[in-house]
Every structure is written in C-alpha cells, then in structure tokens.
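*Asks:* Take a look at the following structure, please.
Every number here is computed from the coordinates shown, using simple stated rules; none is lab data. Not measured: the values here are computed from a predicted model. Here the Cβ is made from the backbone with ideal geometry for all residues, glycine too, and neighbour counts use every protein chain on show.
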Amino acid sequence: MAAKTDAEVIIDGKVYTLSGYEEEEYLQKVANYINNKISEFDSNDEMRKLQGQMRSTLIELNIADDYFKVKDQMKKLENDVEEKDKEMYNLKHEIVTKQCDIEKAEKVIEKLRAENKELLLNKARLEKALEEQLLDCE
C-alpha cells in the first residue's frame with residue numbers, strides 16, 4: 001500500500017490540505033479540476049451572482065454531471081472492448097478452422113498428386129506394353 005500523502009492546494013482562493021494515498025501531483029490535479037469548474041461557472045454572469053450554498057450546489061451538480069457522463073462513456077467503451085474481444089475470438093476461431101481446412105486440403109492434394117503420379121506411371125507402362133505388342137504383331 002502506498003504511503004499517505006498530504007498536499008496543500010488552493011481551491012477557490014482558499015488553502016486546503018488534502019490527504020490521500022495518491023501522489024501529490026494527483027491531488028493538485030483534482031484541485032485544479034475543481035478550480036476550472038469554479039472558473040467555468042464564474043464565467044457566466046448569471047451564475048457569478050449566486051452566493052453561498054446555491055453556488056456550491058450548482059458547482060457540485062456540474063461536477064457530478066461530468067462524473068456520470070464519463071462513467072457512461074467508460075461503460076460504452078468497455079462494451080465496445082468486450083464486443084471487439086468477442087469478434088477477435090471468433091476471427092481467431094475462424095482462422096484456426098481455415099488452417100485446419102487448408103491442412104486437410106493439402107493432404108488431399110498430396111494424395112491426389114501421388115495417385116496422379118502412379119496413374120502416369122501406369123499409363124507409361126501400358127503404353128510401352130501396347131507399343132511392344134504392336135511391334136510383336138508386325
């Protein structure tokens with residue numbers, strides 16, 4: 001388990017000490033995200049006029065909205081990966097099946113080549129025998 005980290009961060013102009021098992025850089029990144037959300041919120045004139053709990057609640061809702069959107073996107077990506085994994089499995093299975101078919105076909109080809117060679121030898125023998133018989137008849 002990682003050691004506990006304390007980091008001083010500034011959020012909305014106030015200094016906070018965050019503690020966690022993450023690196024200080026990560027804790028600063030979280031604080032920066034919150035500051036960006038606050039800045040985003042404050043860039044809207046109507047929202048900047050809100051005070052206290054209403055302002056905080058709307059910022060929290062905005063952050064929660066981001067969280068759920070990312071969570072949904074992650075779920076879609078996981079489903080996509082799962083589908084791609086299934087597709088890849090099926091393609092690998094198809095490749096193995098085709099390789100087996102190729103091996104069987106190569107064995108059949110080899111057998112047919114051997115049979116063809118044997119037939120050509122028999123043909124040559126028969127032609128020679130026929131030729132000898134024809135010569136004997138003359």
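*Asks:* Evaluate the Kirkwood expression for the hydrodynamic radius of segment 6-76, namely the inverse of the mean inverse distance over all pairs of different C-alpha atoms, and round to one decimal in Å.
*Replies:* Details: mean 1/r = 0.0741 Å⁻¹.
Over segment 6-76, the inverse of the mean reciprocal pair distance is 13.5 Å.
*Asks:* Given bins 5 angstrom wide, list per bin the percent of all Cα-Cα distances in the chain, short to long.
*Replies:* Per 5 Å bin, starting at zero, the Cα-Cα P(r) for the chain comes out as 2, 7, 8, 8, 8, 8, 6, 5, 5, 4, 4, 4, 4, 3, 3, 3, 3, 3, 3, 3, 3, 2, 2, 1, 0, 0 percent.
*Asks:* For the chain, with a Gaussian network of springs between Cα atoms less than 10 Å apart, report the residue from 116, 90, 35 with the top mean-square fluctuation.
*Replies:* 116
*Asks:* Please list, in chain and number order, the residues 5+ apart from residue 11 or on another chain whose amide H is under 5 Å from its amide H, with Hs placed from the backbone.
*Replies:* When sequence neighbours closer than 5 places are left aside, the close amide H contacts are 16.
*Asks:* To the nearest 500 deg cm²/dmol, what mean residue ellipticity at 222 nm is calculated for the chain from DSSP H runs of n ≥ 4 alone, each contributing -39,500 (n - 2.57), summed and divided by the residues? Intermediate results must be reported in sequence, preceding the final value.
*Replies:* Details: 3 runs with 109 residues, N = 138.
Calculated at 222 nm, the ellipticity per residue is -29000 deg cm²/dmol.
*Asks:* My understanding is that a pair violates if its Cα-Cα distance is over 21 Å; which of 14/49; 37/75; 29/76; 37/71; 76/98 do that in this structure? Write out the running numbers ahead of the final one.
*Replies:* Details: 14/49 19 Å; 37/75 24 Å; 29/76 25 Å; 37/71 18 Å; 76/98 32 Å.
Pairs exceeding 21 Å: 37/75; 29/76; 76/98.
*Asks:* At a Cα cut-off below 20 Å, give the aspartates and glutamates reachable from residue 4, other chains included and same-chain residues fewer than 8 away excluded.
*Replies:* Correct list for residue 4: 22, 23, 24, 25.
*Asks:* Multiplying the sequence separation of residue 37 and residue 83 by 0.36 nm and subtracting their Cα-Cα distance, what value in nm do you get? Don't jump to the answer; show the numbers that get you there.
*Replies:* On the way: separation 46, 0.36 × 46 = 16.56 nm, distance 3.47 nm.
Length difference between fully extended and current span is 13.1 nm.
*Asks:* Put +1 on the Cβ of every Lys and Arg and -1 on every Asp and Glu Cβ in the chain; which of 70, 11, 95 then has its Cα farthest towards the positive end of the dipole?
*Replies:* Of the candidates, 11 comes out farthest on the positive side.
*Asks:* How do 68, 41 line up, fewest other C-beta atoms within 10 Å first? List each step's numbers first, then the result.
*Replies:* On the way: 68 10, 41 16.
Result, fewest neighbours first: 68, 41.
*Asks:* Another one. Using the crude model of +1 on Lys and Arg Cβ and -1 on Asp and Glu Cβ, and no other charge, please compute the dipole size for segment 1-81 relative to its Cα centre, in debye to 20.
*Replies:* Numbers: 11 positive and 17 negative charges, 49 e Å.
Its charge dipole is roughly 240 debye.
*Asks:* Using a Gaussian network model on the chain with a 10 Å cutoff between Cα atoms, which of 55, 125, 113 fluctuates the most?
*Replies:* 125
*Asks:* With label points built 7 Å along Cα→Cβ from the Cα atoms of residue 64 and residue 4, find their separation and express it in nm.
*Replies:* About 2.9 nm, to one decimal.
*Asks:* Could I ask something else about it? In degrees between 0 and 90, to the nearest 10, how far off the longest principal axis of the chain does helix 52-137 point, with axes built from Cα atoms?
*Replies:* 10
*Asks:* Compute the acute angle (0 to 90°) between the alpha-carbon long axis of helix 24-42 and the principal axis of greatest extent of the alpha-carbon atoms of the chain; round to the nearest 10°.
*Replies:* So the inclination is approximately 70 degrees.
*Asks:* Can you work out the base-10 log of I(q)/I(0) for segment 47-116 at q = 0.19 1/Å, using the Debye formula on its C-alpha atoms alone?
*Replies:* -0.85
*Asks:* With springs only between Cα atoms under 10 Å, which of 127, 103, 83 fluctuates most in a Gaussian network model of the chain?
*Replies:* 127
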